[in-house]
Amino acid sequence: MTIDPETLRERAAVALHAARDRTRLLTTCVEEGDLLAQHSPLMSPLVWDLAHIGNQEEQWLLRTVGGRDALRPDLDSVYDAFAHPRAARPSLPLLGPAEAHGYAGEVRGRVLDILARTPLRGDPLLDAGFAFGMIAQHEQQHDETMLITHQLRRGPAVLGAPDPPVTSDGILPAEVLVPGGPFTMGTSTEPWALDNERPAHRRLLPAFLLDTTPVSNGAYLRFIEDGGYDDPRWWAGAGWAQVREHGLRAPLFWRQEGGRWLRRRFGVTEPVPPDEPVLHVSWYEADAYARWAGRRLPTEAEWEKAARHDPATRRARRYPWGDADPTPAHANLGQRHLRPAPVGSYPEGQSPLGIRQLIGDVWEWTASDFLPYPGFAAFPYREYSEVFFGPAHKVLRGGSFAVDPVACRGTFRNWDLPVRRQIFAGFRTARDAGPAAGV
Ligand code: AVJ
Ligand code: FE
């Protein structure tokens, strides 16, 4: 299917505008001091993200796509994520808040002019407006990163949003059988898919059972109350050392007071809601829970088959509900709500087999290391994905309430270190079906 150039241009412009609206909100709702501060050594100051967003857009859209002269070549090294670890960024000669806003705005003005003049074909960077889509996704990814910084920030709430709508519709089975057989993983046709999602390839999986919903806080509490954090049997690799060294007892942002579990969420402390997906757990915590429950994390391939494969047509779709872009009825995405919806929500977003909340709500840790697909080619730069491939990073799937639809789809792959807890990550569990379940 070919999309006409004006529609592509419009889509790119809409995606860039939406990202900037969110960036502006996240960087204007706090005082200047809070933009410059480092709220956690795990995160950049918010002003770094803001100017880095502008600098990536300058490098890719203004210089590479537009062929224009550099606006601020002196900023490239300051905002190079590989040159400076996050903990070192506060001591860089950063643009101040007003300058950073001015810089990002200046780049954007020129880029919109370039977008209006550039043919969106004839080159892999231009085809279907890929570079514009890539930069819109980059900005939205940093908007999620900045929301993580907001969650780590101490002090009164500055962000508000309505709770997700109540959409659960009765009692669901705990798990769903995904029959064995081949399916198509990855994509060669999604226009704005990033290099690590490509190319489409066949995989064969034996039958498995997958949780219908993400694991809830209530279920996770049973693991805690059963002494899960005191029993080395459940913990893999460096997970037990992390538990001991940091005295972990519960997900990040939780604390116990008078026998009750409370959690801090964007500046508000509240009782832990038992029916919400558990959030702010490391891969080690997810893996330990699964082992305690007599189960395991799904592999990345299992997750994608559950999310994309349509048993009726035996084709891979873009989302669990089909090929249509997400609407608010399908999934909790885009920072419309600042929390996941209760487990069992979003019946309209379920997969053909009835699996819920695969897209949105919480990123889901998988058992898999972040590795290239057969036929992978780094594009357009090695530092987006390739340098992260290997056993150090685990794959997360499905997106959270904090990620925009432009950077979330059935093929989208996220990754992080297995110790990380500040990201908006939860999980669901799986188990082998055994030979009886068949193909
Ligand atoms: C894909 C979310 C792991 O935030 O480090 C942002 C995205 N790449 N800037 C990250 C990214 C370059 C990346 N993740
Ligand atoms: Fe970046």
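General remarks:
- A single member of Y384, Y373 is within 16 Å of ligand 2 (Cβ to nearest atom) and either in contact (Cβ under 8 Å) with a residue 24 or more places away in the chain or not assigned by TED's automatic domain parsing to the domain that holds L252 (or both), and it is Y384.
- Scanning segment 264-283 for residues that are among the charged types (D, E, K, R) and either out of contact with any strand residue (DSSP E or B) (no Cβ under 9 Å at 6 or more places or on another chain) or crowded, with 22+ Cβ neighbours inside 10 Å (or both) returns R265, E276.
- Residues that are in contact with a Leu (Cβ under 8 Å, 6 or more places away or on another chain) and within 16 Å of ligand 1 (Cβ to nearest atom), drawn from segment 133-159: M134, I135, A136, Q137, E139, D143, M146, L147, T149, H150, L152
- Qualifying residues in segment 392-411 (those that are part of a loop (DSSP other than H, G, I, E, B) and more than 16 Å from ligand 2 (Cβ to nearest atom)) - the one farthest from P199 (Cα to Cα): F401
- No other residue among D69, D80, D74 is within 14 Å of ligand 1 (Cβ to nearest atom) and surrounded by fewer than 16 Cβ atoms within 10 Å (Cβ to Cβ) apart from D80.
- Some residue of segment 373-395 being of a type in the set (V, I, T) and either crowded, with 16+ Cβ neighbours inside 10 Å or in contact with a Leu (Cβ under 8 Å, 6 or more places away or on another chain) (or both): yes
- V419 away from ligand 2 (no atom under 16 Å from the Cβ) and in the same structural domain as P214 (by TED's automatic domain parsing): yes
- Residue in segment 302-321 that is among the hydrophobic types (A, V, I, L, M, F, W, C), part of a strand (DSSP E or B) and modelled with pLDDT of 95 or more present: yes
- Within segment 41-56, residues that are aromatic (F, W, Y) reach partners that are assigned to a helix (DSSP H, G or I) with beta carbons closer than 9 Å, at six or more positions or on different chains, in the pairs W48/R86; W48/R89; W48/P90; W48/A100.
- Test: residue in segment 277-299 that is of a type in the set (D, E, K, R) and in a strand (DSSP E or B): yes
- D49 acidic (D, E) and more than 24 Å from the chain's Cα centre (by Cα): no
- Selection within segment 376-391: residues that are part of a loop (DSSP other than H, G, I, E, B) and of a type in the set (A, V, I, L, M). The member of this set that is nearest to ligand 1 (Cβ to nearest atom) is A378.
The values are calculated or read from the model by the stated rules, or taken from the named source; none is laboratory data. Keep in mind the model is a prediction, meaning the values are calculated, not measured. Don't worry about glycine lacking a Cβ; one is built from the backbone with ideal geometry, like all the others, and counts go over all protein chains shown.
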